[in-house]
1. Tell me, 26, 77 in order of fewest to most beta-carbon neighbours within 10 Å?
2. Where a Cα-Cα gap under 26 Å defines reach, which lysines qualify for residue 29, not counting those fewer than 8 residues away within the same chain?
3. Can you list the HN-Hα couplings for region 76-86, worked out from phi with the Karplus curve (6.51, -1.76, 1.60; θ = phi - 60°), rounded to whole Hz and with x for Gly and Pro?
4. What distance in nm separates the simple spin-label points at residue 113 and residue 95, each placed 7 Å from Cα in the Cβ direction?
5. Hey, what D do you get for region 38-109 in µm²/s if you plug the Kirkwood alpha-carbon radius into Stokes-Einstein at 25 °C and 0.890 mPa s?
Amino acid sequence: MADTSARRLDLDPEKNTEGVKQTTSISTKRVVRFSPFEKAIVLMGSVTCLVLATLCVTSSNSATSTQSELTNVQQKITKQQNKVTDLERQIGELTSSSRLNKIAKQKGLKLIEKNIRTIR
């Protein structure tokens, strides 16, 4: 048979034990208890998370109620501004010179030009 240049590997691990130390370890399950310090840290972390969650919910509710109050106040301000605009329009209509002259003629009053002063 012809010899090839490839190496032959021996894949049987039982035969190939040269220079390799085999160690076997037996694993036993041991329960490691938490120390009082570790328990305290976990308890403090849990309480902190609970307090922060409560604060987040409370602040969210507070922000929502404040937003609602702000909307109500803005609506009231808009209504008052509309009333002011309507009253200013009425003042303009009631104090117009043509309306005043018409009422004066109905009451028998006369307009004397020399008694009129223009103030700027």
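Just so you know, all these numbers are worked out from the coordinates, no wet-lab data involved. Keep in mind the model is a prediction, meaning the values are calculated, not measured. Heads up, the Cβs are rebuilt from the backbone with ideal geometry, glycines too, and the neighbour counts pull from every protein chain shown.
1. Working: 26 4, 77 10.
Neighbour counts put them in this order, fewest first: 26, 77.
2. The qualifying lysines are 21, 39.
3. Once θ is set to phi - 60°, the couplings for region 76-86 become 5, 4, 4, 4, 5, 5, 5, 5, 4, 4, 4 Hz.
4. 2.6
5. Numbers: Rh = 18.0 Å.
After rounding, the answer is 136 µm²/s.
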